[in-house]
Amino acid sequence: MCGIVGYIGQRAADSVLLDGLKRLEYRGYDSAGVALLDPDYSSDIQIVRRTGRVANLSDALKPGTNKSRMGISHTRWATHGDVTEVNAHPHSSSDGRFAMVHNGVIENHTSMRRFLESKGFVFKSQTDTEALVNLIAYHYDKETVQEPEKRFYEAVRKSLFHVEGTYGIAVVCKDCPDTLIGARRGSPLIVGVGKGEHLLASDVNAIASRTTNVIYLNDGEIALLNKDNFAISTTSDEGVEAVIHTVDWDTTDAELGNFSHFMEKEIFEQPQALQNGMRGRFADDGSTAMFGGLNLSPSELRLIDRIVFIGCGTAWHAGLVAEYLIERFARIPVEVEYASEFRYRNAPLDKNTLVVAMSQSGETIDTLAALREAKRKGYKTLAINNSVGSSIAREADGGIYQHAGPEIGVASTKAFTSQVMLAAMLALYLGRIRDLSYSDGAAMVEAFKSLPDLVSRTLTCAESIRKIAAKYSQYNDFLFLGRQEMFPIALEGALKLKEISYIHAEGYPAAEMKHGPIALICEECPSVFLATNGEIFQKTLANIQEIKARKGKVICILTENCDMPDDLVDDSVIVPEAHEAIQPILMSIPVQLLSYYIALERGCDVDKPRNLAKSVTVE
Ligand code: G6P
């Protein structure tokens, strides 16, 4: 979703900003722009915006030709107004004195705009952002303080008081070419602290190549940055003691290396991502997991009699797998809710309920709001999250970091399997403080330890999946079917295919097929079955037979010891058979690869699918 990069320092601002914007491209966007300030006060703020890729903006800007040492920039994902150059950020005030970039939604922008128009302000775009930058100009004119920097700060601060909605902003003022201001409420913003330079960004990834010292702004905070110093305060003008964190970020993690796409890279680095997520998390007795950041003692956790997982998209699917695993191994009832529904539903929760927010980015606005709602009601909350220092990680009472490394591809892959693994390890931990026996716990620990190797083995099916993808890439409808833990994997398989291939796909519990989807079955609608060995294999087989009887094509992803009759399915992929706590992870790999190779066959932009954003920071 929208990205922000701001810079003040000694280097060429245009190059720094473009580099940051390129590193944010993965978040999804439809236009990009930059505002640069002249260090000699001699000309107006220079604003360059382009629709489409950052490369278009770079061509227009010709980096290196501008002497500016400070500016702001943005990648926009349209919410208010069409995808046009006029609607792209930065937006300027009608007197040209201010330029601003903004993430979030200003809900009362219409009334703000009406008020400002009545005062003679002229609007050029359809965006909510333009209302706020003009409001800043309005307060600047009214401000009695004369010193430009203080006046600029007061104008921003007073304007933010009037905002209903969310914002992460970076603002510059023509009168203050040595000052950059940022502020946040509901949309992430961090300050990068360098030597003789400061940065603002919506995402660590944008600035990690320049500095690993960052300050995570909290809601209601304003950062005032000069080249050599910074000050953080609240919108009520109280000083804030900022904590500088060192981010553990290897910038090569966010580079493609020998892979063609980030999605491909992230699929193939799953053995390592999973290994990193389990490192140091098994107890010495070899029968349970342990987590350093739960902030809940075993006796507190024993009192929990219900768990609610909240999340969106792929993270919601990971929650569904968690439901099966926690209920099976820890015998605690689990529910899984879309965060966007939970936050408004006012669901009655028992007093001993634990709410777990599942989020790769830690910034998804619905998940964050649902977490806040749960906290407001006094529930204990945890987060399973891949972004150290993210809003969700900071606001939950405790949590488990995924340590899966940055996920750049919009379609989540390694973050999903890592969430499933950590949920399974949480099931083990909760089970062992209840009724799960030592030997059952030890068997699970052994299974987790074998997981990276099993995933590597599963990945060797890539070539055969590529051939299957070539055969089926022209179909426009798919069903994904599975039972029990394989049902969420079916949902995830359908989502992956939709996201990056634009093929209509639906996931169902295999037996539900008879209650509607079976009407779709024909030669033009293939079904992908997820079949594991065990007590319900025969039932799955019966579902496959029902599809074959209606001339439906079947691709079957099955575990190695399944007794599949010869020639029943059209194509099959064999996955190693494993402990049921980790089998869903192994079964996820072929569905990820299938959607990846089908998207390639169809010539789709795998890492930047149309209309999608990596981190959805607006409602
Ligand atoms: C977007 C992304 C999905 C992701 C979902 C939740 O829709 O495109 O890949 O699953 O957001 O994101 P989160 O960061 O909260 O896991």
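The values are calculated or read from the model by the stated rules, or taken from the named source; none is laboratory data. Please read all numbers here as calculations on a predicted model, not as lab measurements. No Cβ is skipped: glycine too gets one built from the backbone with ideal geometry, and neighbour counts run over all protein chains shown.
What number of residues in segment 548-570 are of a type outside the set (G, A, S) and either out of contact with any Phe, Trp or Tyr (no Cβ under 8 Å at 6 or more places or on another chain) or surrounded by fewer than 17 Cβ atoms within 10 Å (Cβ to Cβ) (or both)?
Filtering segment 548-570 for residues of a type outside the set (G, A, S) gives 548, 550-551, 553-570.
If we keep only those that are either out of contact with any Phe, Trp or Tyr (no Cβ under 8 Å at 6 or more places or on another chain) or surrounded by fewer than 17 Cβ atoms within 10 Å (Cβ to Cβ) (or both) too, we end up with 548, 550-551, 559-561, 563-568, 570.
Total meeting the criteria: 13.
Specify which of the listed residues (K514, K551, K496) is in contact (Cβ under 8 Å) with a residue 40 or more places away in the chain and charged (D, E, K, R).
K496
Considering L116, L160, which residue is modelled with pLDDT of 95 or more and farther than 23 Å from L199 by Cα?
It is L116.
Can you pull out every residue in segment 384-424 that is under 24 Å from A206 (Cα atoms), within 10 Å of the ligand (Cβ to nearest atom) and not in a loop (DSSP other than H, G, I, E, B)?
Scanning segment 384-424 gives I384, N385, I392, A415, F416.
Give the residues of segment 439-478 that are farther than 23 Å from E264 by Cα and not polar (S, T, N, Q), sorted by residue number. Explain how you work it out, then say what you get.
Taking segment 439-478 as the starting set, the residues that turn out to be farther than 23 Å from E264 by Cα are 439-449, 477.
Within segment 439-478, D440, G441, A442, A443, M444, V445, E446, A447, F448, K449, D477 meet the criteria.
Hey, E341 hits all of (1) part of a loop (DSSP other than H, G, I, E, B); (2) without any contact (Cβ under 8 Å) to a residue 12 or more places away in the chain; (3) of a type in the set (D, E) but one; which does it fall short on?
With respect to (1) part of a loop (DSSP other than H, G, I, E, B); (2) without any contact (Cβ under 8 Å) to a residue 12 or more places away in the chain; (3) of a type in the set (D, E), E341 is out only on (1).
Among the residues of segment 182-196, is there at least one that is basic (K, R) and more than 30 Å from D82 (Cα to Cα)?
Yes, segment 182-196 has at least one match.
Select from segment 22-76 the residues that are buried (at least 19 other Cβ atoms within 10 Å of the Cβ), more than 27 Å from T617 (Cβ to Cβ) and in contact with a Lys or Arg (Cβ under 9 Å, 6 or more places away or on another chain) and list them in ascending order.
If the condition is that a residue be buried (at least 19 other Cβ atoms within 10 Å of the Cβ), more than 27 Å from T617 (Cβ to Cβ) and in contact with a Lys or Arg (Cβ under 9 Å, 6 or more places away or on another chain), then R69 is the only one that fits.
Here is a yes/no grid of residues against (1) more than 16 Å from the ligand (Cβ to nearest atom); (2) within 20 Å of P590 (Cβ to Cβ); (3) among the basic types (K, R); (4) touching a Cys at 6+ places or on another chain (Cβ under 9 Å):
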{"site": "G441", "(1), (2), (3), (4)": "yes, no, no, no"}
{"site": "V455", "(1), (2), (3), (4)": "yes, yes, no, no"}
{"site": "L459", "(1), (2), (3), (4)": "yes, yes, no, no"}
{"site": "R483", "(1), (2), (3), (4)": "yes, yes, yes, no"}
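Of the residues S572, S588, S527, S615, which is within 22 Å of A470 (Cα to Cα) and within 16 Å of the ligand (Cβ to nearest atom)?
S588
Scan segment 110-129 and report the pairs whose first residue is in the same structural domain as N87 (by TED's automatic domain parsing) and whose second residue is assigned to a helix (DSSP H, G or I) and polar (S, T, N, Q), with Cβ atoms within less than 7 Å and a gap of 6+ or a chain change.
Here the result reads L116/N134; F121/N134, each pair linking segment 110-129 to a residue that is assigned to a helix (DSSP H, G or I) and polar (S, T, N, Q).
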